[in-house]
Amino acid sequence: MGRVNKSFPIDRKEKEVLQRKFGKRLAEVRQRKKITQEGLSFETGVDRTYISYIERGERNPSLFMAWRLAKALKVGINELVNF
């Protein structure tokens, strides 16, 4: 369980593109809700710089973190990954 299938390698470029798309979508939803990065940071309990890293596509948040972000923004997690 949890083993990586070596015949299906991770495409780093594709991963980076997905991280940037998620970050852009997060920023769009956050701004639409009129919440600052600092406000979202407070609601999720993570540092504001981490929110900034995610929005710039420099971090790959876990599924649990994506759920926390969605909950703090009062949206379904599907809204954050609908890009």
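With only Cα atoms counted, the chain has Rg and Dmax values of 13.6, 44 Å. Averaged over its residues, the chain has an accessible area of 75 Å² per residue, based on protein heavy atoms and a 1.4 Å probe. Summarising the label geometry, the points placed 7 Å from Cα in the beta-carbon direction at Arg12 and Phe42 lie 4.0 nm from one another. Between Arg56, Arg12, Arg30, the Gaussian network model of the chain with springs among Cα atoms under 10 angstrom shows the greatest mean-square fluctuation at Arg12.
Residues considered: Ser62, Ser52, Ser41. Largest GNM mean-square fluctuation over the chain, using C-alpha springs under 10 Å, is found at Ser62.
Can you tell me the dipole magnitude for the chain around its Cα centre, using point charges on the Cβ only (Lys, Arg +1; Asp, Glu -1), in Debye to the nearest 20?
On the way: 19 positive and 10 negative charges, 29 e Å.
Here the chain has a charge dipole of around 140 debye.
For the chain, the relative contact order comes to 35 percent (Cα pairs under 8 Å, sequence separation of at least 6). In this structure, the residue pairs whose Cα-Cα separation is over 19 Å, taken from Lys33/Lys74; Lys15/Lys71; Lys33/Lys71; Lys13/Lys71; Lys15/Lys74, are Lys15/Lys71; Lys13/Lys71; Lys15/Lys74. Take Leu80: with every protein chain present and a 1.4 Å probe, its accessible area is about 0 Å².
The values are calculated or read from the model by the stated rules, or taken from the named source; none is laboratory data. Bear in mind that the values here come from a model prediction, so they are computed numbers and not experimental data. In this analysis, Cβ positions are derived from the backbone assuming ideal geometry, glycine residues included, and neighbour counts consider all displayed protein chains. To get the accessible areas, we keep the full protein, side chains included, count just its heavy atoms, and leave off ligands, DNA and RNA. Shrake-Rupley method; radii C 1.70, N 1.55, O 1.52, S 1.80 Å.
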